[in-house]
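Before any comments, here is the structure.
Computed from the coordinates by the stated procedures, all read-outs in this text should not be read as laboratory data. What you are looking at is a predicted structure, and each value in this text was computed from that prediction instead of being measured. Cβ placement follows ideal geometry from the backbone for every residue including glycine, while neighbour counts extend to all protein chains displayed.
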Amino acid sequence: MSGLALKWYHAFRRELRDARWADPLRDAALNHRLRAWTRHLTGAVVSACRAMGWTAVGRGHPAEVLPVVKQEYLALDVMAFPGEPRMPWPRPVAVFELENREREEIIAYALWKVTLIRCPLKGVFGYRQRTEEIGELLRALSAQVLAGTEAEGEEIILVVGTRSRAEDFPDGFFKPYRWDDSRQQFRPLL
């Protein structure tokens, strides 16, 4: 484990402490405004990637990193590339899906989708009403999507937001987990 997920998550937490992300995200979570939540979260994830020295693209955050300029590549919410690519079609260094719906199948699909991309860091943001619901989600995703997966040289993270802890934003709201190949389960990232 190279620690890339942990390094990225620390950059993400620093971005979340900025009022331009923290206030609108907390408000969207508390008022259950899912589109606004996704829009602001996209900005925070893109900013965290840029803080890592990467070029990141996402809806509302285009970048001229590939010869074909888009806001989303491969229908992935956020894709990050090396800060100074050496070729016109660089491979991504990170991909993220930001899922604001609670249905387990939808979050599983988002996780399945990012695991198909070859890159060092793959992440999914999911959502649960209560902290107590996270364990079942982790078990289900482990069994349904990642069982038998060996992400050698790659890190997979799942960040779960819970509305019940929104008053402790961002630390109480976002809970990060990483896929542990050896144990075949998600474990706390921090």
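Here are some notes:
- Among [x] 18.8, 60; [y] 18.7, 63; [z] 15.5, 46, the entry that matches Rg and Dmax of the Cα atoms in Å as calculated here: [z]
- Among 75, 159, 43 the positive-end extreme of the charge dipole of segment 4-188 (Cβ point charges): 43
- Cα centroid separation, segment 83-102 to segment 61-78: 8 Å.
- Computed from backbone phi with θ = phi - 60° and the Karplus coefficients 6.51, -1.76 and 1.60, the 3J(HN,Hα) list for segment 46-58 is 4, 5, 5, 5, 5, 5, 7, x, 9, 9, 10, 10, x Hz; x is used for glycine and proline.
- In the chain, the sites counted are trypsin sites (Lys or Arg not before Pro) in DSSP loop states with at most 16 other Cβ atoms within 10 Å, and the longest stretch holding none of them, exclusive of the sites, is 131-182.
- Antiparallel content of DSSP bridges confined to segment 4-188, in %, to 5: 60
- Overall, segment 4-188 carries a charge dipole of about 300 debye about its Cα centre when +1 sits on the Cβ of Lys and Arg and -1 on the Cβ of Asp and Glu, all other atoms neutral.
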